[in-house]
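No lab work stands behind these numbers, since they all come straight from the coordinates. Everything numeric in this text was worked out from a predicted model, so none of it was measured. FYI the Cβ positions are ideal-geometry reconstructions off the backbone, even for glycines, and counts take in every protein chain you see.
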Amino acid sequence: MIAFRILAFANITAGILYLGWRYTASLNFDPRALWFSLLLVGAETYSFIDTMLFILMMWKPRRRKPPEPLPGKAVDIFITTYNEPVDLVRLTAEAALRIDWQPKHVYVLDDGARPEMAELCREISCGYIMRGEEWRGKPRHAKAGNVNNALIQTSGEFILILDSDQIPAPQILNQVMGYFHDPKLAFVQTPQYFYNLPPGDPFGSDAPLFYGPMMQGKDGWNAAFFCGSNAVLRREALMQIGLAEYATEVEKDMQSAIGRMRKEARRPGVTPAAGKAARIVLSEAARRARGMLAAGEPLEKAAEVLRQGGQKADDIQAEKDLEVIARELASLGEKGDTAAREASRSILWEMSTLAGSVARATSGTDSFSGRFEDERALDRSSEAMAVSAFSTISVTEDMATALRLHARGWSSVFHPEILAYGLAPEDLGTALNQRLRWAQGTLQVLFREKLLFRKGLTLAQRLQYFTTIYSYFSGFAHLIYVFSPIFFLVTGIAPVNAWTLDFVFRFVPFFIVNKAMYRLVTSGLSTRRTEQYTLCLYPLWIRAVLGAIFNKSVRFIVTPKGRQNRTSFSRVSVQAVTVVLTLAAVAVAVTQVAVGAQSVSIGILMNVGWALYNVTTLSVILRAVLYKAPKGWSPKPPAFLFPAVESKTRKRRVIQ
């Protein structure tokens, strides 16, 4: 810990000195180079801020040991599935049934409503839950909706959530339930570990840095994330945030209705006949309802005020329309139409009664009362469930739910022991789709949950969530990093005044200290592939950010299990083009030196080295497209799946 903090201070000092020099003494103000110079120093600034956030995260990591168990607490075990193979779900469900804990109830949450899955549950004697008719025609909200649907049909005080491929160890609950002695603890997250990683982890699926030092660092700030599986959650905490978010959403809807009513009241010629009278009624109703919300009065009362205001405006509208009709009938009566004259008199005589009847008969989206019905609906009739404990605003419902729990004052724990064993993608295309969904969902949290302004979060918690989201903007910085050496080697235009020893003496210490700090944190972990994919995925991160900024909808897609055999070079075409352009730039520079058009300089040497590093790193993802597991290799499921009494036949089926 002391060594890390020393290196952190050295890193910050070296970074400030380097960037200070870059901004004050190294920018190339040549009109041809200024834009390039500013882009590069901007990317370096982004990276330095990223380093600062990493230092904050790792400043006081929490390394926990399991406390004494908390016996006797009922745990519901949810296994979420949509279209995964039945045999795969069987493995997880049977392992869940063998978990050493009582009382517990195991449920398969089948969003695919498959008869064969229901039959499996009957066969192994576990619960089976699917969606009911109330979901027909309503937003389903993917995994979040599936879990929310199960929550209202179960009653355990705690919930263990498992993805369909995450096989739990028998001791999982004994190891984590003791943390819930703390009454303010909302959830305990354990690592996600994959037993089918091919040799060398070609798709970069392993995450020992995240499910290790990074989560321990976040845990030190009471900001450990819920990661969607392998976690135990307290039902009380989930229901509390569900009710709180329900109230928040209904109030937002009410505010929207009030705003629309005020806007309608200010619109000139709100109706051809009703005119000023209806506008006054609407304006007064909106004013009263707004005051009631500000005073904290029940939402039902504000909704009733809006309803009455809209209804009264409808009555005025109907009365004015009837007056027009009565005048037209009277005009016909003056021409000798006796029936029209009598009808005109009847309308005028019973105007108030008729106006109310007409208003009720014509109520709907074209009426004032009907126009605001959706926003005033306290039952949130547009949703299958009025109260949703799991957040439905993002395809990464886990992160959004954790944020809401932290904002409501609940705490979290990261327990570093591997207690469940899952399946990672077995082809590059599936791995890329999974990462894109994670990135898009995480960015949705930034915009839709208003992270930077969310009440209830501590500054440290806010920064821990922001750190993860901020990392996805690295695609733009890496775009600059991969094209900077290309631009310099081809054009000779430098982003600094000169590639001199001044640059070397400032950059090299910063770079070395930064790497030393990172190596200290990751000591004993295999993070090489993670580092490589950080650069390799820059086009994916750019796509995710642009999609979030332009509010592109994101579909939740279940990650397929097993190799899909569909990845093509088109999925990594940007990286391939980058490699080709980089090698071409190096060839241009070497040729120019060879023919005497340029002399060897620090700038040439540094940028050739930089370019070759980029090529070496990006080639990792190009090789992954064609990757095939070594002959004879097969995944090794956890040993506890194979008790001595089980047959070799079963073992072969599991491995396949």
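Between segment 212-258 and segment 10-35, how far is it from one alpha carbon centroid to the other, in angstrom?
Between the Cα centres of segment 212-258 and segment 10-35 lies a distance of 41 Å.
If you place +1 on the Cβ of every Lys and Arg and -1 on the Cβ of every Asp and Glu, how big does the dipole about the Cα centre of the chain come out, in debye to the nearest 20?
Values: 76 positive and 58 negative charges, 308 e Å.
Here the chain has a charge dipole of around 1480 debye.
Take each uninterrupted DSSP H stretch in the chain, measure its Cα extent along the helix axis, and return the ones at 24 Å or beyond whose mean Kyte-Doolittle hydropathy is at least 1.0. Working shown, then result.
Details: long enough: 2-21 (29 Å, 1.52); 34-57 (34 Å, 1.56); 235-266 (46 Å, -0.68); 276-294 (27 Å, 0.13); 299-334 (52 Å, -0.49); 428-448 (29 Å, -0.05); 474-491 (25 Å, 1.62); 501-521 (30 Å, 1.13); 573-594 (31 Å, 1.91); 602-625 (36 Å, 1.43).
Membrane-span-like by this criterion, though nothing is claimed about a membrane: 2-21, 34-57, 474-491, 501-521, 573-594, 602-625.
For segment 431-509, what is the largest minus smallest coordinate of the Cα atoms on each principal axis, given in angstrom and ordered from greatest to least?
50, 31, 19
Just one of (i) -0.62, -0.73, -0.82, -0.98; (ii) -0.35, -0.48, -0.76, -1.02; (iii) -0.25, -0.36, -0.65, -1.03 is log10 I(q)/I(0) by the Debye sum over Cα atoms at q = 0.05, 0.06, 0.08, 0.10 Å⁻¹ as worked out from the coordinates here. Which one is it?
The value matching this structure is (ii).
Quick one: pull the percentage of alpha-carbon pairs in segment 165-290 with a separation above 16 Å. Write down the numbers at each step before the final one.
Values: 5988 of 7875 pairs.
Counting pairs separated by more than 16 Å, the tail of P(r) holds 76 percent.
Once R0 is set to 60 Å, what does the formula 1/(1 + (r/R0)^6) return for the Cβ-Cβ distance between Ser619 and Glu94, expressed as a FRET efficiency to the nearest 0.05?
Working: r = 42 Å, r/R0 = 0.70.
The value I calculate is 0.90.
Could you please tell me the mean projected area of the C-alpha convex hull for segment 34-174, averaged over all directions and given in square nanometres to one decimal? All intermediate terms of the calculation are to be shown ahead of the outcome.
Numbers: hull surface 56.3 nm².
That works out to 14.1 nm².
Specify, per residue and in Å³, the volume enclosed by the convex hull of the alpha carbon atoms belonging to segment 59-123. Mind dumping the intermediate values first?
Values: hull volume 9.3 nm³, N = 65.
Considering the Cα atoms of segment 59-123, their hull volume per residue is 143 Å³.
Applying the Karplus parametrisation 6.51 cos²θ - 1.76 cosθ + 1.60 with θ = phi - 60° to the phi angles of segment 163-173, what ³J(HN,Hα) value in whole Hz is obtained for each residue in order, glycine and proline being reported as x?
Working through the residues one at a time gives 5, 4, 9, 8, 7, x, 6, x, 8, 4, 6 Hz.
Rounded to the nearest 0.05, what FRET efficiency do Tyr470 and Ser523 have when you use their Cβ-Cβ distance and R0 = 30 Å?
On the way: r = 25 Å, r/R0 = 0.82.
Working from the Cβ atoms, E equals 0.75.
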